[in-house]
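Below is one structure, written out as structure tokens; comments come after it.
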Amino acid sequence: MTHTEEVTEILSSTTLESPASTEFLQMGPYIATKTPNGLVEGPISALPEEIILLILDMLVQEDIAAHEDPPRVSGDTISTVRTASQVSRFWRFITLQNTVWWSHIHVFPPWRPHAVAAALARSKDCPIDLYISVQLVEDTTGDADDPSPSKLDGYEDLFRILHPHIPRCRTLHIQGVFRQKPNLLTYLIEPLLNMDMPYLTSLIFDGEASFEDTEYSKGRTQLFASAPRLLDVRLGGIGVMQYSPPLSALTTLHLSRAMNLTNLSFHALGEILTSCPCLTFFAVYDDLLNHWPGRSAAIELPRLEALYILGNMLSVSELLLYLTAPELRELVIAPVVGSDLTVLHAEMHTEQARFPNLRSLTLAPAHPDAFNDALPVASVCFPHIETLILANLYPPEFETLFLNHSRVLFPQLKDLALTGVEKVVARLMPEVARFRASKKAPLRNVFVDGESLGKLTGPPEIWGDVKVKKGDLWEAQRRKGLYSNIKDLFVGRPLDEH
């Protein structure tokens, strides 16, 4: 039962017999009044406590699911809880009593250690989600330089407050630029090296720092003494190059590089991946890898179901040849260019597909030539694809490839998902559906984002048996990745194009 259904059920089954409740049901628009101490009071306080709890919890969960932007000041929590605590004395009492709602704590410069301490106190002993960012909030979406050193002053007091509570972390995110204060990263991380993390399920450690900024530059250092519940790890930059959290229970792994750090060898990648026997999802970003040892050095990932290759990687084919993943069902390459699959295509054995269970393929061609070059090769390399997701489109190239009478792309394709459909492509789609049906390769569904849905018009008979459905499948995949706050980062299109 969803939160909304719970609220509806309680409202329909609850009899409000108190005078205050009757007044609440009969009142017109809510008129707030302020008490002498500044708190707001009003008939809204007549709502039964269980309904308030359900309503607020529903809103809190929606905020979390929607990846709400962080608070504007360090030590604050998500906006729903902050706002609810200011509605009335009764609501403030409820929010302060519900410690779970105070368990999402964001920390960034300027640090405000007293506010952070208050937030930690309100969460009491429950597991917390702690987000530590060294980048200034107002700089996170711009081209600003590193935070000024003065903004980072006082980190010693802050971390002394944080460290005793870090074992309570269910989620721990450490992100940002650590170059301005050489000792900051060491001061933060050193106590974590031998720390037991009994509740930790999700870790992001993505930071930029010069190797000389830390005392751990000679090799990768074990992070945490134990973390038995750790399932989701996302490492970037110094997090990849110098630290190794417990990986034995891991199901999800993301690896990225910082601009100022060296690459990771395929051998080092193999050591990481073979330490993850339960891995089902792997994402790799940018040109992280080098020194491909050749096809004979492939490693097996028996449980891997999804592989995301995101950013400007130059070793796409090499990675696909390095991984033996018999259960792989979903592959994302964004962006993609024609040369990305050349080596894989040349190495293919015609009698056997590289990934026999691969059914879903997502491509984001970086430019029109990439669309022309990459899709035909992908159709040969991955012949069993049933779901094709195109993160961007180029209308002339789309028409040329999908109405090519000499060759049908992806002959087993059933579901085609498009994002950002222009009118010219929308007009082509019924023809594409009829063309594929005539070639004995019929589509079943066409998924488009909500904005594009209205462009795919026309009577049902022009579509035949094809259903047009609302669903932005690329957006759902994109949001699983690191850097999901930058919408068009991996699709090969400039942001100002929208």
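Just so it is clear, none of the values below were taken in a lab; they were calculated from the coordinates. Since the model is a prediction, treat every value here as computed from it, not as a measurement. All Cβ positions, even for glycine, are placed from backbone atoms using ideal geometry, and neighbour counts span all protein chains on display.
When a/c is below 1.5 the answer is rounded, else prolate if a/b is larger than b/c, else oblate, so apply that to the stretch 148-188 with a ≥ b ≥ c taken from the square roots of the Cα gyration tensor eigenvalues.
Judged from the Cα gyration tensor, the stretch 148-188 comes out prolate (a/c at least 1.5, a/b above b/c).
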Item checked: Links that overshoot a 19 Å alpha carbon limit, given the list Lys455/Lys487; Lys181/Lys487; Lys124/Lys480; Lys414/Lys439; Lys440/Lys467; Lys423/Lys470 -> Lys455/Lys487; Lys181/Lys487; Lys124/Lys480
Check: For the stretch 331-491, what is the relative contact order in percent, using Cα pairs closer than 8 Å and at least 6 residues apart in sequence?
Finding: 20 percent
Next item on the list: Please give the FRET efficiency for Ile161 paired with Glu451, using the beta carbon to beta carbon distance and R0 = 35 Å, rounded to the nearest 0.05.
Entry: 0.15
Next item on the list: Report Rg/Rh for the stretch 300-369, rounded to two decimals, where Rg is the Cα radius of gyration and Rh the Kirkwood radius.
Entry: 0.95
Next item on the list: Find how much the distance from Thr262 to Asn312 grows on full extension, using 0.36 nm per residue of separation minus their present alpha carbon separation; answer in nm with one decimal.
Entry: 16.5 nm
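For Ile385, what is the net charge nearby, where nearby means another residue's Cβ is under 11 Å from its Cβ and Lys, Arg count +1, Asp, Glu -1? All intermediate terms of the calculation are to be shown ahead of the outcome.
Details: positive: Arg329, Arg359, Lys414; negative: Glu330, Glu386, Asp415.
Neighbourhood net charge equals 0.
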Check: So for the pair Met348, Tyr187, with labels modelled 7 Å out along Cα→Cβ, what separation do we get in nm?
Finding: 5.6 nm
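Let me make sure I get this right: for the stretch 331-491, a, b and c are the square roots of the gyration tensor eigenvalues over alpha carbons, sorted descending. Under 1.5 in a/c it's rounded, otherwise prolate if a/b > b/c, else oblate. Which is it? Show your work: numbers first, answer last.
Numbers: a/c = 1.65, a/b = 1.15, b/c = 1.44.
Oblate shape, in that a/c is at least 1.5 and b/c is the bigger or equal ratio.
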